[in-house]
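Colleague: Shown below is the structure under consideration.
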Amino acid sequence: MSKPPSSRMRKVNELLREVIAEQVTELKDPRIGFLTITGVNTAPNLRNAIVYYSVIGDEEQHAETARALESAAPRFQAAIGSQTRLKYTPVLEFRVDPSIDEGLRMEQLLQTLKEDESS
């Protein structure tokens, strides 16, 4: 189990999330669906960062959005470099936020239990 991020790292993570979220709204890529940047987890050495996102849509929409984000990564990195005062600009890796899917799955399970109880 890893220790929670320090106060400084939480600030760095939030700053990167804000910069990337702002850049996403400016993208004109039709492959990007209804997308939310949910969080960032930056390595302590600031060399790498995992960007978590959620997207509404089917599997094809998820795949298209993933490709669009990967192709836009250099733009995001350039924005991070120009808008922050970090020693390094982290290499970005995009991952679907698992908590969204887990929440939906839990909601479905609760709904199923509720229906079972009423019948």
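Colleague: Could you figure out which of (1) in contact with a strand residue (DSSP E or B) (Cβ under 6 Å, 6 or more places away or on another chain); (2) buried (at least 16 other Cβ atoms within 10 Å of the Cβ); (3) farther than 30 Å from S7 by Cα; (4) of a type in the set (A, V, I, L, M) isn't true of L69?
Modeller: (3)
Colleague: Six or more apart or on different chains, Cβ under 8 Å: which pairs go from a residue in segment 56-75 that's over 19 Å from S99 (Cα atoms) to one that's of a type in the set (D, E, K, R)? Could you list them?
Modeller: Within 8 Å, the pairs are E64/R31; R67/R31; A68/D29; A68/R31; S71/D29; A72/D29.
Colleague: In this structure, does T65 turn out to be touching a Gly at 6+ places or on another chain (Cβ under 7 Å), in a helix (DSSP H, G or I) and among the polar types (S, T, N, Q)?
Modeller: yes
Colleague: Another question, then. Would it be correct to say that Y88 is closer than 26 Å to P4 by Cα, touching a Phe, Trp or Tyr at 6+ places or on another chain (Cβ under 7 Å) and touching a residue at least 40 places away in the same chain (Cβ under 8 Å)?
Modeller: So Y88 does not fit the description; no.
Colleague: Between a residue in segment 25-45 that is of a type in the set (D, E) and any residue that is surrounded by 10 or more Cβ atoms within 10 Å (Cβ to Cβ) and not in a loop (DSSP other than H, G, I, E, B), which pairs come within a Cβ distance under 7 Å, given they are 6 or more apart or on different chains?
Modeller: D29/A68; D29/A72
Colleague: Follow-up question, since we're still on this one. Looking only at segment 101-114, decide whether some residue is within 26 Å of P4 (Cα to Cα) and of a type in the set (D, E).
Modeller: yes
Colleague: Which one is nearest to the chain's Cα centre (by Cα) among residues in segment 14-47 that are surrounded by 15 or more Cβ atoms within 10 Å (Cβ to Cβ) and farther than 20 Å from A66 by Cα?
Modeller: Per the stated criteria, the residue is L15.
Colleague: Quick one: count up the residues across segment 1-50 that are of a type in the set (G, A, S) and out of contact with any strand residue (DSSP E or B) (no Cβ under 9 Å at 6 or more places or on another chain).
Modeller: 3
Colleague: When residues of segment 45-60 are filtered for being assigned to a loop (DSSP other than H, G, I, E, B) and among the charged types (D, E, K, R), how many remain?
Modeller: 2
Colleague: Select, from L104, L46, L92, the only residue that is at pLDDT below 95, within 26 Å of K11 (Cα to Cα) and not aromatic (F, W, Y). Quick ask: steps written out before the conclusion?
Modeller: Numbers: L104 fails: within 26 Å of K11 (Cα to Cα); L92 fails: at pLDDT below 95.
The unique qualifying residue is L46.
Colleague: May I pose another question? Kindly indicate which of V19, V40, V12, V55 is touching a Gly at 6+ places or on another chain (Cβ under 8 Å) and β-branched (V, I, T).
Modeller: V55
Colleague: Can you tell me which residue in segment 78-95 is surrounded by the fewest Cβ atoms within 10 Å (Cβ to Cβ), limited to those that are out of contact with any helix residue (DSSP H, G or I) (no Cβ under 7 Å at 6 or more places or on another chain) and in a strand (DSSP E or B)?
Modeller: Only one residue tops the list, namely V91.
The values are calculated or read from the model by the stated rules, or taken from the named source; none is laboratory data. Every value quoted in this text rests on a predicted model; they were computed, and no experiment measured them. All Cβ positions, glycine included, derive from the backbone under ideal geometry; neighbour counts span all protein chains shown.
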